[in-house]
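Read the structure below first, then the notes.
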Ligand code: HEC
Ligand code: HEC
């Protein structure tokens, strides 16, 4: 009888403890989530993990900044751009194609491929289109290092796989391009006035700014080759020290830039750079 009683009491205690814990859990989880969004200073920190993982993440950051010149990525790149030419501040910029939180969206559905793709495959697509180059080997050093870096930039972001598009929680705010009929002539005036100092009148770029059209730019399969994406990116990214373009100005400029020729996208290019001059 005594054994039976103490068993009942024991069970009761376990039940009470588990009720207490399940009630407390949500508030704890919430605290962590808040930390993920509020603690941006921590996300900016470059204190990478110890050991091999830290080394690989650091390599990823280097490749994102030196994509067109680094010996590991140069053979995969067909233009003069680096990932950080568009993913400003190596993806730390909160709005201009930010890498912060991106890994939490993958695997994601990609309408472009009509398939569910991984983060590594998404990275490969930017090599193919925005870098006008070829895909790094999935699981290879380049792909893993960049994926590790982007995943590190996403730590503590709750996983929310994206069923609609391969985009993370801080993706570009899209401007309503339907609101205005793009005026290319107005775009040219603005470009000459505000952009030629760094990108030059012929769009070929200089030491102060990469090419925006022509042989050494991104190809016509890249996101920025679409006026809506380009305008939305310009609005939060250019000119670098003074991002004050109105919606209309960003759209006119995007239409002007994209009215110029750029390399063609070859979906099956896996063999190396398209640009023979590199
Ligand atoms: C010419 C500009 C450009 C270059 C260069 C570029 N990208 Fe992108 N990338 C974009 C744009 C634009 C997007 C879409 C961003 C958006 O809509 O929020 C994007 C999206 C991405 C995404 C998905 C982001 C998300 O929110 O899910 C990843 C990952 C990515 N790029 C990685 C890279 C890597 C790695 C490189 C260098 C090898 C690179 N990109 C080079 C313009 C570029
Ligand atoms: C002070 C120099 C400077 C000015 C002025 C400037 N840019 Fe840029 N631009 C840059 C730099 C530098 C980058 C690459 C980002 C980085 O390295 O941080 C860039 C990147 C770009 C890119 C994406 C990469 C590429 O080459 O395609 C586009 C598009 C662009 N700028 C358009 C413009 C437009 C349009 C204007 C005028 C409204 C403008 N920029 C004004 C320096 C400048």
Over the stretch 42-152, what is the relative contact order in percent, taking alpha-carbon pairs closer than 8 angstrom and at least six residues apart? 30 percent
Provide, as a two-decimal number, the C-alpha radius of gyration of the stretch 119-278 over 2.2 N^0.38 Å, N being how many residues it has. 1.12
Once label points are set 7 Å from the Cα along Cα→Cβ at both residue 164 and residue 242, what is their separation, rounded to one decimal in nm? 3.6 nm
Of the convex hull drawn through the C-alpha atoms of the stretch 104-178, the volume per residue in Å³ is 113 Å³
Quick check for you: which residues of the stretch 60-76 have the amide N under 20 Å from the point 7 Å beyond the Cα of residue 155 toward its beta carbon? 60-65
If R0 is 30 Å, what FRET efficiency do you get for residue 176 and residue 204 from their C-beta distance, rounded to 0.05? 0.45
So what is the relative contact order of the stretch 99-241, in percent, for Cα pairs below 8 Å that sit 6 or more residues apart? 28 percent
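Read the figures in this text as sums done on the coordinates, not as results from a lab. All values reported here derive from a predicted model rather than from experimental measurement. Ideal geometry is used to build each Cβ from the backbone, glycine not excepted, and the neighbour counts take in all protein chains shown.
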